[in-house]
Amino acid sequence: MSSAVHSRKKRIKGISRIVVLMIIAALGFFLFSPGNGSTGQELYAVYFEKYPAPETTAATARWNSFVNNYSRGNYELALSDLDNTESSIHYTWVEFYKGMCYLLLDDPDFHDARYFMNEVRLDFSDYKEQASWYYGLILLAEGRENDARAIFTQISRDKGYNQKKARAILNTKIN
């Protein structure tokens, strides 16, 4: 066999390997990219982020203690502070941050968080739009995709809090 033929066969083998690797890479990208199917839990993990502590401090020691504990990641103590917050703090503020604390625990309590976020989103509140966003994420995490889609559709339509992220979720196939 001549060296030219041997060289050509070697080149074809090399090209074949590259083509096979490209096909495998393309399949991997297609199968595992977020736009081609994710679970509600995966979408929750991607889109959930801690809502900032309120910048407003109050003339109450408990509220200020809550802000401090929440900011430092002491969510159990922050919940305790919220349970004992004086009535001078609007109840929807308290409920919104209770919901956030339940989501931020090492083992998130979706049931209690859902309750508080739903209460806030259904009321006239400074946190109504944010509560709707987190309520939708909780529904995703719980596997209630159709209910979550309804919330994200409303957020997108109303141009609410995180509307672009809501649209991204709506454009994602959920397995």
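General remarks:
- The number of residues in segment 37-58 being farther than 18 Å from residue 97 by Cα and of a type outside the set (Phe, Trp, Tyr) comes to 9.
- Output for segment 153-175, where each listed residue is in a loop (DSSP other than H, G, I, E, B) and under 14 Å from the mean Cα position of the chain (by Cα): 161, 162, 172
Conditions (1) acidic (Asp, Glu); (2) closer than 15 Å to residue 48 by Cβ, marked per residue:
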{"position": "119", "(1), (2)": "yes, no"}
{"position": "122", "(1), (2)": "no, no"}
{"position": "126", "(1), (2)": "yes, no"}
{"position": "132", "(1), (2)": "no, yes"}
{"position": "137", "(1), (2)": "no, yes"}
{"position": "141", "(1), (2)": "no, yes"}
{"position": "147", "(1), (2)": "yes, no"}
{"position": "150", "(1), (2)": "no, no"}
{"position": "158", "(1), (2)": "yes, no"}
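- Considering the conditions (1) in contact with an Asp or Glu (Cβ under 9 Å, 6 or more places away or on another chain); (2) charged (D, E, K, R); (3) at pLDDT below 90, residue 95 is excluded by exactly one of them, (3).
- In segment 133-142 there is at least one residue matching the filter, namely being in contact (Cβ under 8 Å) with a residue 12 or more places away in the chain and surrounded by fewer than 17 Cβ atoms within 10 Å (Cβ to Cβ).
- Only residues that are assigned to a loop (DSSP other than H, G, I, E, B) and either free of Cβ contacts under 8 Å to residues at least 40 places away in the same chain or not assigned by TED's automatic domain parsing to the domain that holds residue 75 (or both) were counted across segment 143-152, and they come to 0.
- Checked against the criterion of being surrounded by 18 or more Cβ atoms within 10 Å (Cβ to Cβ), within 17 Å of the chain's Cα centre (by Cα) and either closer than 23 Å to residue 126 by Cα or modelled with pLDDT under 90 (or both), the candidates 51, 75 yield just one match: 51.
- Flag for residue 155 being among the β-branched types (Val, Ile, Thr), assigned by TED's automatic domain parsing to the domain that holds residue 45 and closer than 24 Å to residue 38 by Cα: yes
- Residue satisfying all of: in segment 100-158; of a type in the set (S, T, N, Q) and over 15 Å from residue 172 (Cβ atoms); modelled with the lowest pLDDT among these: 125
- Positions within segment 150-165 being more than 14 Å from residue 134 (Cβ to Cβ) and among the basic types (Lys, Arg), in sequence order: 157, 159, 164
- Qualifying residue in segment 93-106 (condition: free of Cβ contacts under 8 Å to residues at least 12 places away in the same chain, closer than 18 Å to residue 44 by Cα and surrounded by fewer than 16 Cβ atoms within 10 Å (Cβ to Cβ)): yes
The values are calculated or read from the model by the stated rules, or taken from the named source; none is laboratory data. In this text the structure is predicted, and so the values were computed from the model without any measurement. As a convention, Cβ positions derive from the backbone with ideal geometry for all residues, glycine included, and neighbour counts pool all protein chains shown.
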